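Asker: Next up is a structure, given as structure tokens.
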Amino acid sequence: MDPKHRIEELTQLLNQANHEYYVNANSVMSDFDFDQLLKELEVLEKQFPEWASDHSPTKRVGGDITKKFESVAHRFPMLSLSNTYSIQELTDFYERVVKTLGEDADLVAELKYDGVAISIQYENGFLKRALTRGDGEFGEDVTANVKTIGSIPLKLRGAFPSDFEIRGEIFMPREVFNELNQRRQEQGEALLANPRNTAAGTLKLQDSAVVAQRKLDSFLYGFYSIEMPFQSHTQSLEMCREWGFKTPLIHPTYLAKSKGLSGILDFINYWDQARYELPFDIDGVVIKVDRFDHQKALGFTAKSPRWAVAYKFTSQKVKTRLLSIDYQVGRTGAITPVANLEPVLLGGTTVRRASLHNADQIRKLDLHYSDYVYVEKGGEIIPKIVGVEVAERISSTESVEFIDHCPVCQTKLVKEEGLAQHLCPNADGCMPQIKGRIIHFISRKAMGIEGIGEETVEALVDKGLVKNAADLYDLNKEDLLSLERFGEKSADNLLAGLQESKTIPFERTLFALGIKMVGETVAKKLARHFGSIQALATASFEDLVHIHEIGDRIAESVIQFFANPENREMIRRLEQAGLIFERNETEVIAGSQKLSQLSFVISGVFETFDRDELKTIIERNGGEVKSGVSKNVNYLLAGSGVGPTKLEKAKALGVALVSESEFKQLMDLS
Ligand code: IVH
């Protein structure tokens, strides 16, 4: 097939797969096949730039940089909605509608997605421009970033109008947000407040490649054009769905249609309870008059349409009494205050405890003992205290002072500059820390040792059989049989589990050691960079901070860990027991045919891999490594200080440049 047609065919196939995946949550081809076709398209587009389109699925990965977000006038002003907080106000709204229309109206209820409003213009079926709301008259041009969002079509299908706008909401799914925050926590960075702000911040990032990684999503629900080719809002949603947009119609429960208010009230009651089970945040329900002739008759006020209203959920809040505060000691010594409450019903469950986070939080609330407090249920499992009813405070009470000694080992607590948490510094003598470290070591994501759980660890430590992870490997059957409720079988299982753990790769063993600030991602990075525990243990502060995304705090924590002779001794014993403390190439680099037919030239110095490693990775994945740039080479894999002649030549011949981070992303090597 000639390249032009192949480009078209690939574009079509990939667009279809994208649509199924991001809009219909349906996978029509494996990730591997998808990557392969995308690669093929990328290569063809590089070779035949004259046929490469601005709307190609290859554009989804981002790369365009926006220096300044241009301010652009909206063609139709972006209005807002009036809010209601009670069923009475909603009834009033509907009465006004009926009065103006002189008849009953069909209503539609949709979820009120808690994200960032967006308006996207399509011309001849192609995404032309995406604007934020801005002040409603002028928005900011965030096109490059919006193009990376998988559920937003770059090219429409079917018989669409030649020029229109579609509006809706861009959001960050809760899971994506939680993962992002978990990574930040691992790295000791400040946590992001909520998915909405994070989505807004992400849309304004300058580098669209970073936006692409943030996995934003969308719901689009407002069709705008000079001529309206539909009779009703629901009809417009049906058509928008056919053209490829993700509309509320993708899920039968995300939208309700009803003559009059009754069906709408059921929808509201249902989602008020069920909203926490959605994979994204909503903050209410939007009620719209369905028929466009009705909408026209109702018109607008200066700020909002008279044909729609937002019913906002009040966050579920209850008042209850603070009974006491427990201070929990984590494996890293961090102290977390938890409030014990008079049991109270909230959103279908009985709440007895609520998180207080840290000392600052207690101070901000001005919490006093026996206070009546307001407890709110968010997306999290454990509810939080959001306020205090000062009017009901008893006069004899005192304000809650954070403890200054460890509640378990009585050591004086410390608080490091810039960190919110108080710490118990007695790492080697404080029970919950000792137990916590071993529990972390055996946990699923760390060593994943079968046959042992938290209770067994507690029993082993309490009996004095185990004090650190290395002691586990000295256990014998008799030791285990001396534990209560431990029979032959469970003892054998545990010993087999320990045996099994000797095949766990270095990066996970490193994570299992529980070095502060070294979570899964950082452990991977360090394991790849240093290759062995010896190299890591002798690394200097400078060596460490030189690594991309390893900051001062992580570096200090690593240095501190290895400076402690007890830790070094534990590692020596673990090594002797047979655990893996070196990177094993063949395990880390799985083979594939992902790079088949592609050839690379490697030049420069790289952060995570050396050149031989890169060569192995390319070859294991079906690619070829060449020494010189020629027109038969597909990519120049360029590190820092890439050879200038190679660079010139690559540019002249149109050979694509790939950075180390792009390569790692392509090969799923985070
Ligand atoms: S309709 C004239 N439908 O909430 C504005 N808005 O508070 C018509 N929103 O500006 C908007 N989900 O950014 C509509 N299903 C939904 C919505 C929704 C979220 C946002 C939107 C709107 C704001 C109003």
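The values are calculated or read from the model by the stated rules, or taken from the named source; none is laboratory data. Quick caveat: nothing in here was measured; it's all calculated off a predicted structure. Here the Cβ is made from the backbone with ideal geometry for all residues, glycine too, and neighbour counts use every protein chain on show.
Asker: Only one of Lys296, Lys246 is among the charged types (D, E, K, R), at negative phi and surrounded by 22 or more Cβ atoms within 10 Å (Cβ to Cβ); which? Can you show your working first?
Answerer: Values: Lys296 fails: surrounded by 22 or more Cβ atoms within 10 Å (Cβ to Cβ).
The unique qualifying residue is Lys246.
Asker: Given the conditions (1) at pLDDT below 90; (2) within 15 Å of the chain's Cα centre (by Cα), and given that Asp217 satisfies all but one, which numbered condition is not satisfied?
Answerer: All conditions pass for Asp217, except number (1).
Asker: Tally time: how many residues in segment 358-367 are surrounded by 17 or more Cβ atoms within 10 Å (Cβ to Cβ) and out of contact with any His (no Cβ under 7 Å at 6 or more places or on another chain)?
Answerer: From segment 358-367, those surrounded by 17 or more Cβ atoms within 10 Å (Cβ to Cβ) are 358-359, 362, 365, 367; that's our starting set.
Next, from what is left, pick out any that are out of contact with any His (no Cβ under 7 Å at 6 or more places or on another chain): 358, 362, 365, 367.
So the count comes out to 4.
Asker: Taking the conditions exactly as written (in contact (Cβ under 8 Å) with a residue 60 or more places away in the chain, more than 26 Å from Glu9 (Cβ to Cβ) and either within 16 Å of the ligand (Cβ to nearest atom) or surrounded by fewer than 17 Cβ atoms within 10 Å (Cβ to Cβ) (or both)), does Arg183 satisfy them or not? Break it down into steps so the answer makes sense when it comes.
Answerer: Numbers: in contact (Cβ under 8 Å) with a residue 60 or more places away in the chain: yes; more than 26 Å from Glu9 (Cβ to Cβ): yes; either within 16 Å of the ligand (Cβ to nearest atom) or surrounded by fewer than 17 Cβ atoms within 10 Å (Cβ to Cβ) (or both): yes.
Answer is yes for this residue.
Asker: Give the residues of segment 274-289 that are more than 11 Å from the ligand (Cβ to nearest atom) and under 23 Å from Val97 (Cβ atoms), sorted by residue number.
Answerer: Of everything in segment 274-289, just one residue is more than 11 Å from the ligand (Cβ to nearest atom) and under 23 Å from Val97 (Cβ atoms), namely Val289.
Asker: Could you identify the single residue in Gly487, Gly578 that is without any contact (Cβ under 8 Å) to a residue 60 or more places away in the chain and surrounded by fewer than 19 Cβ atoms within 10 Å (Cβ to Cβ)?
Answerer: Of Gly487, Gly578, the one residue that is without any contact (Cβ under 8 Å) to a residue 60 or more places away in the chain and surrounded by fewer than 19 Cβ atoms within 10 Å (Cβ to Cβ) is Gly487.
Asker: Could you tell me how many of the residues in segment 305-318 are within 13 Å of the ligand (Cβ to nearest atom) and either out of contact with any Ser or Thr (no Cβ under 8 Å at 6 or more places or on another chain) or at pLDDT 95 or above (or both)?
Answerer: First pass over segment 305-318, keeping only residues within 13 Å of the ligand (Cβ to nearest atom): 305-313.
Cutting the leftovers down to either out of contact with any Ser or Thr (no Cβ under 8 Å at 6 or more places or on another chain) or at pLDDT 95 or above (or both) gives us 305-311, 313.
So the count comes out to 8.
Asker: Could you check segment 109-130 and list, in sequence order, the residues that are within 16 Å of the ligand (Cβ to nearest atom), charged (D, E, K, R) and in contact with a helix residue (DSSP H, G or I) (Cβ under 6 Å, 6 or more places away or on another chain)? Full working, then the answer.
Answerer: First, the residues of segment 109-130 that are within 16 Å of the ligand (Cβ to nearest atom): 109-120, 130.
Next, from what is left, pick out any that are charged (D, E, K, R): 110, 112, 114.
Of everything in segment 109-130, those that are within 16 Å of the ligand (Cβ to nearest atom), charged (D, E, K, R) and in contact with a helix residue (DSSP H, G or I) (Cβ under 6 Å, 6 or more places away or on another chain) turn out to be Glu110, Asp114.
Asker: Considering only residues that are more than 19 Å from Ile362 (Cβ to Cβ) and either surrounded by fewer than 16 Cβ atoms within 10 Å (Cβ to Cβ) or at pLDDT below 90 (or both), which ones fall in segment 319-336?
Answerer: Scanning segment 319-336 gives a single hit, Thr332.
Asker: Can you tell me which residues in segment 59-116 are basic (Lys, Arg) and more than 29 Å from the chain's Cα centre (by Cα)?
Answerer: Taking segment 59-116 and keeping what is basic (Lys, Arg), we get 59-60, 67-68, 75, 96, 99, 112.
Listed by number, the residues that qualify are Arg75, Arg96, Lys99.
Asker: Considering Ser540, Ser490, Ser501, which residue is among the polar types (S, T, N, Q) and closer than 24 Å to Glu416 by Cα?
Answerer: Details: Ser490 fails: closer than 24 Å to Glu416 by Cα; Ser501 fails: closer than 24 Å to Glu416 by Cα.
Checking each option against the conditions leaves just Ser540.
Asker: Find the helices (runs of 4 or more DSSP H) located wholly in segment 457-541 whose residues include 2 or more that are of a type in the set (Phe, Trp, Tyr) and touching a helix residue (DSSP H, G or I) at 6+ places or on another chain (Cβ under 9 Å), and list them.
Answerer: Numbers: elements: 469-472, 477-481, 488-500, 506-512, 520-530, 533-537.
Output list reads 506-512.
Asker: Starting from segment 108-120, keep only residues that are under 23 Å from Tyr94 (Cβ atoms) and among the hydroxyl-bearing types (Ser, Thr, Tyr), then list their pairs with residues that are more than 8 Å from the ligand (Cβ to nearest atom) and modelled with pLDDT of 95 or more whose Cβ atoms are within a distance under 6 Å, requiring at least 6 positions of separation or different chains.
Answerer: Tyr113/Phe171
Asker: Another one. Can you say whether Val558 is assigned to a loop (DSSP other than H, G, I, E, B) and out of contact with any Pro (no Cβ under 6 Å at 6 or more places or on another chain), as far as the supplied structure shows? Let's see the steps before the verdict.
Answerer: Details: assigned to a loop (DSSP other than H, G, I, E, B): no; out of contact with any Pro (no Cβ under 6 Å at 6 or more places or on another chain): yes.
Against the criterion (assigned to a loop (DSSP other than H, G, I, E, B) and out of contact with any Pro (no Cβ under 6 Å at 6 or more places or on another chain)), Val558 does not qualify.
Asker: Of the residues that sit in segment 146-180 and are in contact with a Lys or Arg (Cβ under 8 Å, 6 or more places away or on another chain) and in a helix (DSSP H, G or I), which one is surrounded by the most Cβ atoms within 10 Å (Cβ to Cβ)?
Answerer: Residues of segment 146-180 that are in contact with a Lys or Arg (Cβ under 8 Å, 6 or more places away or on another chain), as a first pass: 147-148, 150-152, 154, 165, 171-173, 176, 180.
Then keep just the ones that are in a helix (DSSP H, G or I); that gives 176, 180.
Details: Val176: 21, Leu180: 19.
Once the filter is applied, the top-ranked residue is Val176.
Asker: Can you pull out every residue in segment 189-228 that is polar (S, T, N, Q), within 16 Å of the ligand (Cβ to nearest atom) and part of a loop (DSSP other than H, G, I, E, B)? Before the answer, list the steps.
Answerer: Our first condition is that a residue be polar (S, T, N, Q); within segment 189-228, this holds for 194, 197-198, 202, 206, 208, 213, 218, 225.
Now drop any that are not within 16 Å of the ligand (Cβ to nearest atom), which leaves 194, 197, 218, 225.
Of everything in segment 189-228, those that are polar (S, T, N, Q), within 16 Å of the ligand (Cβ to nearest atom) and part of a loop (DSSP other than H, G, I, E, B) turn out to be Asn194, Ser225.
Asker: Somewhere in segment 390-400, is a residue under 26 Å from the mean Cα position of the chain (by Cα), crowded, with 16+ Cβ neighbours inside 10 Å and under 30 Å from Lys435 (Cβ atoms)?
Answerer: no
Asker: Kindly indicate whether Val142 is among the hydrophobic types (A, V, I, L, M, F, W, C) and crowded, with 19+ Cβ neighbours inside 10 Å.
Answerer: Details: among the hydrophobic types (A, V, I, L, M, F, W, C): yes; crowded, with 19+ Cβ neighbours inside 10 Å: yes.
Criteria met by Val142.
Asker: To continue, here is another question. For Arg321, state whether it is farther than 15 Å from Tyr221 by Cα, part of a loop (DSSP other than H, G, I, E, B) and away from the ligand (no atom under 16 Å from the Cβ). Reasoning before the result, please.
Answerer: On the way: farther than 15 Å from Tyr221 by Cα: yes; part of a loop (DSSP other than H, G, I, E, B): no; away from the ligand (no atom under 16 Å from the Cβ): yes.
When the stated conditions are applied, Arg321 does not pass them.
Asker: Give me the helices (runs of 4 or more DSSP H) completely within segment 2-102, filtered to those with at least 2 residues that are within 16 Å of the ligand (Cβ to nearest atom), crowded, with 19+ Cβ neighbours inside 10 Å and free of Cβ contacts under 8 Å to residues at least 12 places away in the same chain, ordered by residue number.
Answerer: Numbers: elements: 3-22, 31-47, 87-101.
Per the criteria, no element qualifies.
Asker: A follow-up question, please. Quick one: is Glu566 farther than 14 Å from Glu507 by Cβ and not in a helix (DSSP H, G or I)? If you could, list the steps in order and put the result at the bottom.
Answerer: On the way: farther than 14 Å from Glu507 by Cβ: yes; not in a helix (DSSP H, G or I): no.
No: the conditions fail for Glu566.
Asker: If you don't mind, there's one more thing I want to ask. Show me the helices (runs of 4 or more DSSP H) entirely contained within segment 592-670 in which 3 or more residues are aliphatic (A, V, I, L, M) and under 30 Å from Glu520 (Cβ atoms). Quick ask: steps written out before the conclusion?
Answerer: Values: elements: 611-620, 644-653, 660-666.
Answer list for segment 592-670: 611-620.
Asker: Next question. Here is a list: Asn564, Asn493. Which entry is more than 29 Å from Glu607 (Cα to Cα) and either surrounded by 14 or more Cβ atoms within 10 Å (Cβ to Cβ) or not hydrophobic (A, V, I, L, M, F, W, C) (or both)? Even if it seems obvious, please write down each step before you answer.
Answerer: Details: Asn564 fails: more than 29 Å from Glu607 (Cα to Cα).
Result of the check over Asn564, Asn493: Asn493.
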